[in-house]
Amino acid sequence: MGPKFLRITDIQNGKVDWNTVPYCKCDNHDKYRLRPGDILFARTGATTGKSFLIRDCPHSVFASYLIRVQLSKEVYPAYVYQFLQTPSYWSHIAQFTTGSTQGGFNASKLAEIRVPLPPLPIQKQIAAILEKADAAREKRRQASQLTEQFLQSAFLEMFGDPVTNPKGWDVRTLEEVCAEIVDCPHSTPIHSDSITEYPCIRTTELRNGNIDWSAMKYVTEETYRERTRRLVPKEGDIIYGREGSFGEAVRAPGNVKICLGQRTMLFRADQDICISEYLWSAIRSESVYRQALRITTGSTVGHLNVKDVKQFKVLIPSITEQQKFATLVEKVESLRAKQKESGKELESLFNSLMQRAFSGELVQ
């Protein structure tokens with residue numbers, strides 16, 4: 001059996017699961033063999049410039065779309081790897097890739113990047129400080145993921161598997177449990193060049209049950225009124241993505257004048273039958289996602305028709321049970337808000353440490 005063959009796609013979120021990396025046949029193991037301390041760079045595609053530090057590895061070689069750098073003994077690999085996360089490094093990458101259709105760069109361009117290099121003991125101190133701060137950020141991200149998983153687990157615990165329905169709840173279609181269901185206008189919204197009070201929610205803003213505001217697009221008041229002519233979204237309405245990253249859903253916040261972007265639709269729960277918080281989790285459940293998958297199987301781009309979505313089936317427990325779940329959702333949302341604020345503080349601290357580290361202010 002030959003060595004493991006590490007590819008760009010095997011590096012996910014700065015980690016490699018070596019158990020999933022395939023083996024290969026390689027006639028020149030030594031030339032391409034990876035060793036602890038090597039740093040790999042993606043040299044093409046959307047991940048151009050992304051780096052990965054080999055800390056430990058089985059017998060392995062690297063693929064052609066990666067660049068391997070081996071450092072001298074006077075350079076601490078973890079220090080250089082931390083530098084490769086800085087805005088300074090990424091500004092260099094942007095210069096190399098601007099105007100390139102493939103976004104590629106090569107080893108000679110990489111060699112042009114200058115790295116501030118203090119004595120080795122100071123490199124090790126800086127790397128240790130930044131790695132500790134980075135570990136705190138990772139723990140915060142993991143805590144947020146666990147919060148999301150908890151809510152999904154609580155849904156199953158309280159109401160049972162929607163497929164087998166062991167508690168014998170009523171089963172109804174989304175059309176039957178909603179007071180309103182509207183699709184987005186079948187036109188491309190004209191986005192404003194500046195931030196307005198009218199955010200336009202697209203499928204790309206639907207992330208893990210929450211709205212991702214980082215790349216939000218906005219529209220003018222005129223466009224907002226045009227796109228909400230059929231129904232003005234209000235707090236608690238559920239916005240659902242029905243194409244591409246279909247199946248994701250968020251609850252509309254209060255005091256925000258949102259409108260629907262392309263490939264989204266809106267559900268308003270019939271409060272006599274279904275509470276918004278419950279319906280939101282039901283729509284995001286594995287059961288509803290599987291119903292969507294059955295319709296989109298074989299399609300190159302996942303696409304759901306409104307009439308099909310209306311017929312998705314969900315369990316409908318008693319209002320009393322739904323209210324218990326809604327109370328839990330409220331507590332989890334409060335926790336999420338605190339986690340988000342804590343995450344911002346950690347990001348700010350890490351960025352400050354990084355700036356000081358590579359300007360010579362962190363360790364003297």
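The values are calculated or read from the model by the stated rules, or taken from the named source; none is laboratory data. Given the structure is predicted, the values throughout are model-derived calculations rather than measurements. For neighbour counting, all protein chains shown are included, and Cβ atoms are generated from backbone atoms with ideal geometry for every residue, glycine included.
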Residue identified as farther than 30 Å from R268 by Cβ and in contact with a strand residue (DSSP E or B) (Cβ under 9 Å, 6 or more places away or on another chain) among A107, A143, A135, A179: A107
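The rows are residues; the columns are (1) part of a helix (DSSP H, G or I); (2) surrounded by fewer than 20 Cβ atoms within 10 Å (Cβ to Cβ); (3) not assigned by TED's automatic domain parsing to the domain that holds E176.
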site: G247; (1), (2), (3): no, no, no
site: P253; (1), (2), (3): no, yes, no
site: V256; (1), (2), (3): no, yes, no
site: Q262; (1), (2), (3): no, yes, no
site: F267; (1), (2), (3): no, no, no
site: Q271; (1), (2), (3): no, yes, no
site: S281; (1), (2), (3): yes, no, no
site: R290; (1), (2), (3): yes, yes, no
Residue count for the stretch 285-329, restricted to those that are modelled with pLDDT of 90 or more and among the hydroxyl-bearing types (S, T, Y): 6
Considering residues of the stretch 197-215 that are free of Cβ contacts under 8 Å to residues at least 60 places away in the same chain and polar (S, T, N, Q) only, the residue farthest from G254 (Cα to Cα): T204
Failed condition for N19, given (1) closer than 13 Å to V61 by Cβ; (2) outside any loop (DSSP other than H, G, I, E, B): (1)
Search result, residues across the stretch 138-153 that are within 14 Å of E345 (Cβ to Cβ) and modelled with pLDDT of 90 or more: K139
First in the stretch 96-111 and assigned by TED's automatic domain parsing to the domain that holds F41 and at pLDDT 60 or above, second anywhere and aromatic (F, W, Y) and not in a loop (DSSP other than H, G, I, E, B), Cβ under 9 Å, 6 or more apart: G104/F96; F105/F41; F105/F96; N106/F96; A107/F41; K109/F96; L110/F41; L110/F96
Selection count where residues are buried (at least 17 other Cβ atoms within 10 Å of the Cβ) and in a loop (DSSP other than H, G, I, E, B), scope the stretch 170-191: 3
Matching residues in the stretch 10-45 - criterion: being without any contact (Cβ under 8 Å) to a residue 12 or more places away in the chain and surrounded by 13 or more Cβ atoms within 10 Å (Cβ to Cβ): D10
Residues of the stretch 23-70 satisfying the condition of being under 15 Å from Y81 (Cα atoms), outside any loop (DSSP other than H, G, I, E, B) and not charged (D, E, K, R): I39, L40, F41, A42, S51, F52, L53, I67, V69
Where V306 falls short, out of the listed (1) touching a residue at least 60 places away in the same chain (Cβ under 8 Å); (2) in contact with a Phe, Trp or Tyr (Cβ under 9 Å, 6 or more places away or on another chain): (2)
Residue match in the stretch 146-158 (condition: in contact (Cβ under 8 Å) with a residue 60 or more places away in the chain, surrounded by 15 or more Cβ atoms within 10 Å (Cβ to Cβ) and more than 27 Å from the chain's Cα centre (by Cα)): yes
The stretch 217-238, residues that are out of contact with any Ser or Thr (no Cβ under 9 Å at 6 or more places or on another chain), surrounded by fewer than 20 Cβ atoms within 10 Å (Cβ to Cβ) and either of a type in the set (D, E) or closer than 28 Å to F155 by Cβ (or both): E222, L231, K234
Residues satisfying the stated conditions in the stretch 352-364, i.e. surrounded by 14 or more Cβ atoms within 10 Å (Cβ to Cβ) and either in contact with a His (Cβ under 8 Å, 6 or more places away or on another chain) or not aliphatic (A, V, I, L, M) (or both): Q355, R356, F358
